[in-house]
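See below for the structure under consideration.
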Amino acid sequence: RLQESRERLSVCSKLCYAVGGAPYQITGCALGFFLQIYLLDVAQLDPFYASIILFVGRAWDAVTDPMVGFFISKTSWTRFGRLMPWIIFSTPFAVISYFLIWFVPDISRGQVMWYLVFYCIFQTLVTCFHVPYSALTMFISREQSERDSATAYRMTVEVLGTVLGTAIQGQIVGKVVTPCIESPLFIGKTNSSVAMEELNMTHDTGSLTDTRNAYMIAAGVIGGLYILCAVILSVGVREKRESSELQSDEPVSFFQGLKLVMNHGAYIKLIAGFLFTSLAFMLLEGNFALFCTYTLGFRNEFQNILLAIMLSATLTIPLWQWFLTRFGKKTAVYVGISSAIPFLIMVAVLDSNLIVTYIVAVAAGISVAAAFLLPWSMLPDVIDDFKLQHPGSHGHEAIFFSFYVFFTKFTSGVSLGISTLSLDFAGYQTRGCSQPNKVNSTLKMLVSAVPVGLILLGLLLFKLYPIDEEKRRKNKKALQDLR
């Protein structure tokens, strides 16, 4: 009991730890919801090149996770800890590169390379922040209950971060009406290319300049929040070296550790289950702004619909934390994530109606909360199970977290690239006031049918996950004995 009381974290420590999760979610949400429509309608890139930027950026982001995990495992302990220096020194450079993503350079050629380079640089730097931050879960306490509690705080703040990202980006950008161009089909099919060129030349560009300025203002505000959260985390959290070490620990090399991690069955099954469910929500996130703007026709309301989803998710995080402690984490997965399916079907099948859309958005946010909380709440259980099977191996926390993120990000990059390319094949009109029927049908598939199929596949695979509540309790007792 005395040892458990020493391991207990104060509410202030948990809050400071939780605040560190906000930068990744704020920037990730802004990029996830708005980068695609920004590249297409504000930077005015061809959909093909936009798909390359989204795919390569996400794929590179995925590659950097295990790279950073490798270098962290080789990092020596300092008086600030082993993980905290990564967080501190990456922050200012990440903020600069994030701002430059939302800047439209005044160059006739090279815009594609500009966005690709700064997107990749930012993804590298934010990985240098988020991978050590994620692994920090194992270094703040040895008590599983304290880690679970801190994870619940973190998930609440992270979902709140998505609300901030959606609100800041959406409300600032939403105040400015982005100019659109009428489809040349209304002018005449015979001279549609000439008509489109004339409309581009004669359209007032002042409003488009205002839109670009709004994106930069939003980037500046989000960058300021990124720095503030990093300062609070570094000042308010103490990294405990002994929290992740067992009495019999002996160092093992990175590649030996990687082989051990990838041969751990519970880890692979957890990844397999959440890979597809996470992919479903990322696909929905990447295409929802376009879906609301063109398919539903809510050009001036989509930022408020996104905000309703995120607010609903934030408010229901405590509900899911109570649910998983009462009924178990596997049950929470089935109930929480599957509850999104009827609403994803409803938003695509029903006729466009603003009130119904808001109701569906609020209901879908409840499922989004479960998708946020559960993977990060269950990963420490897998690490504890690994420690029991390999008591002589330590220092692999970063590998577990970084490769979990790697698989999720890489597949999401593939899906976003393919979805944007699909819009190109369907005939997407850059800055169009409306889109062809093929584009609207494609968007319905991308935000409804495909995510539903991925969720069902993920839940089916998740039945193979071996750590239920009984096994989790046994692991906790065995780990305490080993310590």
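The values are calculated or read from the model by the stated rules, or taken from the named source; none is laboratory data. Computed from a predicted structure; not experimentally measured. Glycine gets a Cβ as well: all are built from the backbone with ideal geometry, and neighbour counts include every protein chain shown. Quick note on the areas: whole protein, heavy atoms, side chains included, nothing else; ligands and nucleic acids left out. Shrake-Rupley method; radii C 1.70, N 1.55, O 1.52, S 1.80 Å.
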Residues of the stretch 70-79 being surrounded by fewer than 21 Cβ atoms within 10 Å (Cβ to Cβ) and farther than 12 Å from Phe139 by Cβ, in sequence order, are Phe70, Phe71, Lys74, Thr75, Ser76, Thr78, Arg79
Can you go through Asp41, Asp65 and tell me which one is within 19 Å of the chain's Cα centre (by Cα), open to solvent by less than 30 Å² (accessible area, probe 1.4 Å) and of a type in the set (D, E, K, R)? Asp65
Determine the pairs where a residue that is under 14 Å from Leu296 (Cα atoms), located within the stretch 350-366, has a partner that is outside any helix (DSSP H, G or I) with Cβ atoms under 6 Å apart, the partner being 6 or more residues away or on another chain. Ser352/Leu296; Ser352/Gly297; Val356/Leu350
Just need a number here: residues in the stretch 460-477 that are assigned to a helix (DSSP H, G or I) and either over 24 Å from Arg326 (Cβ atoms) or open to solvent by 100 Å² or more (accessible area, probe 1.4 Å) (or both). 6
Considering only the stretch 243-259, I want to know if a residue exists there that is within 30 Å of Asp385 (Cα to Cα) and modelled with pLDDT of 85 or more. no
